[in-house]
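A short write-up of the structure that comes next.
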Amino acid sequence: MRKWTVSDVMTKAVVSVPPDAPYRAVVDILMEKRVSAVPVVDDFHRVAGVVSEADLLRKIEYAGDEEPRMFEGRRRRADRTKAKARRARDLMSSPAITAQQQTTIAAAARLMDGEGVKRLPVVDDAGRLVGIVTRGDLLKVHLRPDDEIRSDVSDSIERDLLAEDAKGVAVTVTEGVVTLSGKVERWSTTELADHVVRQTPGVVSVVNRLDYTFDDRAIVGPGVITGIA
(Lines give C-alpha, C1' and ligand atoms only; values in the text may rest on other atoms or scores of the structure.)
Protein backbone atom coordinates (compact mmCIF):
# COMPACT_ATOMS: atom_id res chain seq x y z
CA MET A 1 0.00 0.00 0.00
CA ARG A 2 1.42 3.36 -0.97
CA LYS A 3 0.81 6.45 1.12
CA TRP A 4 -1.25 9.17 -0.50
CA THR A 5 0.51 12.51 -0.81
CA VAL A 6 -0.64 16.01 -1.65
CA SER A 7 0.45 15.41 -5.25
CA ASP A 8 -2.40 12.87 -5.52
CA VAL A 9 -5.13 15.36 -4.62
CA MET A 10 -3.76 18.85 -5.36
CA THR A 11 -4.96 21.20 -8.09
CA LYS A 12 -2.17 21.49 -10.64
CA ALA A 13 -3.51 24.36 -12.73
CA VAL A 14 -2.81 27.11 -10.19
CA VAL A 15 -3.36 30.77 -10.87
CA SER A 16 -0.70 33.02 -9.33
CA VAL A 17 0.32 36.66 -9.39
CA PRO A 18 3.69 38.47 -9.46
CA PRO A 19 4.78 40.61 -6.50
CA ASP A 20 3.97 43.84 -8.36
CA ALA A 21 0.39 42.84 -9.23
CA PRO A 22 -1.99 45.75 -8.41
CA TYR A 23 -4.68 45.39 -5.75
CA ARG A 24 -7.51 45.53 -8.27
CA ALA A 25 -5.87 42.88 -10.46
CA VAL A 26 -5.68 40.49 -7.50
CA VAL A 27 -9.35 41.10 -6.67
CA ASP A 28 -10.30 40.49 -10.31
CA ILE A 29 -8.45 37.16 -10.35
CA LEU A 30 -10.10 35.93 -7.14
CA MET A 31 -13.53 36.83 -8.47
CA GLU A 32 -12.93 35.40 -11.95
CA LYS A 33 -11.40 32.13 -10.78
CA ARG A 34 -13.71 31.80 -7.75
CA VAL A 35 -10.85 31.15 -5.35
CA SER A 36 -10.27 32.65 -1.91
CA ALA A 37 -6.50 33.12 -2.16
CA VAL A 38 -3.69 33.29 -4.69
CA PRO A 39 0.04 32.53 -4.37
CA VAL A 40 2.53 35.28 -5.11
CA VAL A 41 5.50 34.02 -7.14
CA ASP A 42 8.78 35.61 -8.22
CA ASP A 43 10.41 35.49 -11.65
CA PHE A 44 11.62 31.93 -10.97
CA HIS A 45 8.10 30.80 -9.99
CA ARG A 46 9.12 30.43 -6.36
CA VAL A 47 6.42 31.12 -3.79
CA ALA A 48 7.01 34.39 -1.96
CA GLY A 49 3.69 34.58 -0.13
CA VAL A 50 -0.08 34.26 -0.40
CA VAL A 51 -2.74 36.94 -0.79
CA SER A 52 -6.12 35.89 0.62
CA GLU A 53 -9.53 37.53 0.75
CA ALA A 54 -8.79 38.39 4.38
CA ASP A 55 -5.70 40.34 3.29
CA LEU A 56 -7.70 42.25 0.69
CA LEU A 57 -10.55 43.04 3.08
CA ARG A 58 -8.22 45.09 5.28
CA LYS A 59 -8.71 47.98 2.84
CA ILE A 60 -12.45 47.89 3.54
CA GLU A 61 -12.10 47.20 7.26
CA TYR A 62 -9.83 50.20 7.84
CA ALA A 63 -11.33 52.55 5.24
CA GLY A 64 -11.18 56.10 6.63
CA ASP A 65 -9.40 54.83 9.76
CA GLU A 66 -5.82 54.39 8.63
CA GLU A 67 -3.99 56.15 11.47
CA PRO A 68 -2.74 53.90 14.31
CA ARG A 69 -4.35 54.23 17.71
CA MET A 70 -2.63 54.46 21.08
CA PHE A 71 -1.75 51.06 22.57
CA GLU A 72 -2.74 49.29 19.36
CA GLY A 73 -1.32 45.76 19.09
CA ARG A 74 1.28 44.62 16.57
CA ARG A 75 -1.23 42.55 14.61
CA ARG A 76 -3.66 45.43 14.13
CA ARG A 77 -0.81 47.69 13.10
CA ALA A 78 0.20 45.10 10.47
CA ASP A 79 -3.41 44.86 9.28
CA ARG A 80 -3.61 48.64 9.05
CA THR A 81 -0.44 48.65 6.94
CA LYS A 82 -2.04 46.15 4.55
CA ALA A 83 -5.03 48.45 4.28
CA LYS A 84 -2.73 51.01 2.62
CA ALA A 85 -1.08 48.46 0.31
CA ARG A 86 -1.42 48.71 -3.46
CA ARG A 87 0.68 45.76 -4.64
CA ALA A 88 0.66 42.01 -3.96
CA ARG A 89 4.09 42.16 -2.28
CA ASP A 90 2.66 44.43 0.43
CA LEU A 91 -0.67 42.62 0.70
CA MET A 92 0.59 39.05 0.98
CA SER A 93 1.14 36.97 4.06
CA SER A 94 4.79 35.94 4.09
CA PRO A 95 6.58 33.63 4.38
CA ALA A 96 4.03 31.32 2.84
CA ILE A 97 3.15 28.05 4.58
CA THR A 98 3.85 25.48 1.86
CA ALA A 99 3.97 21.71 1.39
CA GLN A 100 6.31 19.53 -0.64
CA GLN A 101 4.82 17.27 -3.31
CA GLN A 102 5.72 14.18 -1.27
CA THR A 103 4.02 15.44 1.91
CA THR A 104 1.45 12.90 3.07
CA ILE A 105 -2.15 14.05 3.27
CA ALA A 106 -2.11 13.34 7.01
CA ALA A 107 0.92 15.60 7.47
CA ALA A 108 -0.69 18.27 5.29
CA ALA A 109 -3.86 18.16 7.40
CA ARG A 110 -1.82 18.57 10.59
CA LEU A 111 0.10 21.48 9.05
CA MET A 112 -3.09 23.28 8.00
CA ASP A 113 -4.58 22.81 11.45
CA GLY A 114 -1.43 23.86 13.27
CA GLU A 115 -0.91 26.98 11.16
CA GLY A 116 -4.59 27.87 10.92
CA VAL A 117 -4.61 28.01 7.10
CA LYS A 118 -7.18 26.67 4.61
CA ARG A 119 -4.79 25.92 1.76
CA LEU A 120 -1.16 25.10 1.06
CA PRO A 121 0.80 26.02 -2.07
CA VAL A 122 2.64 22.89 -3.15
CA VAL A 123 6.27 23.35 -4.20
CA ASP A 124 9.03 21.25 -5.70
CA ASP A 125 12.50 20.82 -4.21
CA ALA A 126 13.52 24.22 -5.61
CA GLY A 127 10.56 25.98 -4.00
CA ARG A 128 8.74 26.47 -7.30
CA LEU A 129 4.95 26.39 -7.36
CA VAL A 130 3.54 23.14 -8.80
CA GLY A 131 0.05 23.06 -7.31
CA ILE A 132 -2.21 24.00 -4.44
CA VAL A 133 -4.05 21.80 -1.96
CA THR A 134 -7.08 22.83 0.10
CA ARG A 135 -8.92 21.25 3.00
CA GLY A 136 -11.52 20.02 0.52
CA ASP A 137 -8.82 18.39 -1.59
CA LEU A 138 -7.60 16.38 1.39
CA LEU A 139 -11.11 14.96 1.82
CA LYS A 140 -10.96 13.45 -1.69
CA VAL A 141 -9.25 10.43 -0.17
CA HIS A 142 -12.63 9.49 1.33
CA LEU A 143 -14.15 9.25 -2.15
CA ARG A 144 -12.19 6.06 -2.79
CA PRO A 145 -14.40 3.04 -3.66
CA ASP A 146 -14.84 0.42 -0.94
CA ASP A 147 -13.32 -2.33 -3.07
CA GLU A 148 -10.18 -0.23 -3.58
CA ILE A 149 -9.86 0.38 0.15
CA ARG A 150 -10.43 -3.31 0.86
CA SER A 151 -7.66 -4.25 -1.57
CA ASP A 152 -5.21 -1.90 0.17
CA VAL A 153 -6.23 -3.15 3.62
CA SER A 154 -5.77 -6.77 2.58
CA ASP A 155 -2.36 -6.02 1.09
CA SER A 156 -1.27 -4.27 4.30
CA ILE A 157 -2.42 -7.14 6.49
CA GLU A 158 -0.56 -9.65 4.33
CA ARG A 159 2.56 -7.49 4.51
CA ASP A 160 2.58 -6.65 8.22
CA LEU A 161 1.12 -9.74 9.87
CA LEU A 162 2.58 -13.23 10.01
CA ALA A 163 1.40 -15.36 7.12
CA GLU A 164 -0.70 -17.69 9.27
CA ASP A 165 -2.33 -14.77 11.07
CA ALA A 166 -3.04 -12.93 7.81
CA LYS A 167 -4.90 -15.97 6.48
CA GLY A 168 -7.20 -15.85 9.48
CA VAL A 169 -8.32 -12.25 8.94
CA ALA A 170 -11.44 -11.44 6.92
CA VAL A 171 -11.94 -7.89 5.68
CA THR A 172 -15.16 -6.15 4.67
CA VAL A 173 -15.59 -2.47 3.82
CA THR A 174 -18.85 -0.51 3.78
CA GLU A 175 -18.79 3.23 3.09
CA GLY A 176 -15.19 3.40 4.29
CA VAL A 177 -15.84 1.52 7.55
CA VAL A 178 -13.55 -1.52 7.73
CA THR A 179 -14.64 -4.58 9.68
CA LEU A 180 -12.02 -7.14 10.68
CA SER A 181 -13.17 -10.61 11.72
CA GLY A 182 -11.59 -14.01 12.18
CA LYS A 183 -9.02 -15.37 14.59
CA VAL A 184 -5.30 -14.80 15.07
CA GLU A 185 -2.71 -16.23 17.43
CA ARG A 186 -2.16 -13.36 19.86
CA TRP A 187 -4.01 -10.37 21.29
CA SER A 188 -1.14 -8.08 20.22
CA THR A 189 -1.78 -9.12 16.61
CA THR A 190 -5.34 -7.79 16.82
CA GLU A 191 -3.91 -4.44 17.96
CA LEU A 192 -1.35 -4.46 15.16
CA ALA A 193 -4.02 -5.21 12.55
CA ASP A 194 -6.19 -2.35 13.86
CA HIS A 195 -3.23 0.06 13.75
CA VAL A 196 -2.28 -0.95 10.20
CA VAL A 197 -5.82 -0.60 8.87
CA ARG A 198 -6.35 2.88 10.35
CA GLN A 199 -3.39 4.16 8.31
CA THR A 200 -5.01 3.15 5.03
CA PRO A 201 -6.16 6.21 3.03
CA GLY A 202 -9.94 6.45 2.88
CA VAL A 203 -10.67 4.44 6.02
CA VAL A 204 -13.36 6.17 8.08
CA SER A 205 -13.20 3.85 11.09
CA VAL A 206 -12.36 0.28 12.07
CA VAL A 207 -14.62 -2.31 13.67
CA ASN A 208 -12.21 -4.85 15.14
CA ARG A 209 -13.93 -8.18 15.80
CA LEU A 210 -10.78 -10.27 15.71
CA ASP A 211 -10.54 -13.08 18.22
CA TYR A 212 -7.25 -14.52 19.50
CA THR A 213 -5.90 -17.72 21.02
CA PHE A 214 -3.34 -16.32 23.45
CA ASP A 215 -3.68 -13.16 25.53
CA ASP A 216 -0.16 -11.69 25.64
CA ARG A 217 -1.04 -8.36 27.27
CA ALA A 218 0.84 -9.39 30.39
CA ILE A 219 3.96 -9.74 28.25
CA VAL A 220 3.80 -6.78 25.85
CA GLY A 221 1.68 -4.46 28.00
CA PRO A 222 -1.61 -2.77 27.06
CA GLY A 223 -1.52 -0.38 24.15
CA VAL A 224 1.81 -1.66 22.84
CA ILE A 225 1.94 -2.20 19.07
CA THR A 226 4.37 -4.89 18.02
CA GLY A 227 5.61 -6.01 14.67
CA ILE A 228 6.02 -2.54 13.11
CA ALA A 229 9.47 -1.70 11.78
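The values are calculated or read from the model by the stated rules, or taken from the named source; none is laboratory data. Worth saying up front: this structure is predicted, and the values here are computed from it rather than measured. All Cβ positions, even for glycine, are placed from backbone atoms using ideal geometry, and neighbour counts span all protein chains on display. For the accessible areas, the whole protein counts, side chains as well, though only heavy atoms, and no ligand, DNA or RNA atoms are used. Shrake-Rupley method; radii C 1.70, N 1.55, O 1.52, S 1.80 Å.
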A 22 angstrom limit on the alpha carbon distance is what I want to check against. Which of K12/K82; K118/K140; K84/K118; K12/K140; K12/K33; K140/K167 exceed it?
K12/K82; K84/K118; K140/K167
Which percent of the accessible area of the chain is formed by carbon and sulfur heavy atoms (probe 1.4 angstrom)?
51
Percent of beta bridges antiparallel (DSSP, the chain, rounded to nearest 5)
65
Is the shape of the range 81-213 best called rounded, prolate or oblate, per the rule: a/c under 1.5 gives rounded, else a/b larger than b/c gives prolate, else oblate, with a ≥ b ≥ c the square roots of the Cα gyration tensor eigenvalues?
prolate
Summing -39500 (n - 2.57) over every DSSP H run of at least 4 in the chain, dividing by its residue total and rounding to the nearest 500, the 222 nm mean residue ellipticity is -10500 deg cm²/dmol
Residue (of T172, P145, V184) at the positive-pole extreme of the range 145-188, dipole from beta-carbon charges:
V184
Excluding the sites themselves, what is the longest stretch of the chain that contains no GluC sites (Glu not before Pro) in a DSSP loop with at most 12 other C-beta atoms within 10 Å?
73-174
State the extension gain, in nm to one decimal, for the chain segment bounded by K84 and K183, taking 0.36 nm per residue of separation less the distance between their alpha-carbons.
28.9 nm
Normalised contact order of the chain, rounded percent, pairs of Cα under 8 Å and 6 or more residues apart:
18
Which value, in debye to the nearest 20, gives the size of the charge dipole of the range 136-187 about its Cα centre, when Lys and Arg are +1 and Asp and Glu are -1 at the Cβ?
120
Dipole magnitude of the chain about its Cα centre, charges +1 at Lys/Arg Cβ and -1 at Asp/Glu Cβ only, in debye to the nearest 20?
1160
Relative contact order for the range 101-229 using alpha-carbon pairs under 8 Å, separation at least 6, rounded to a whole percent?
20
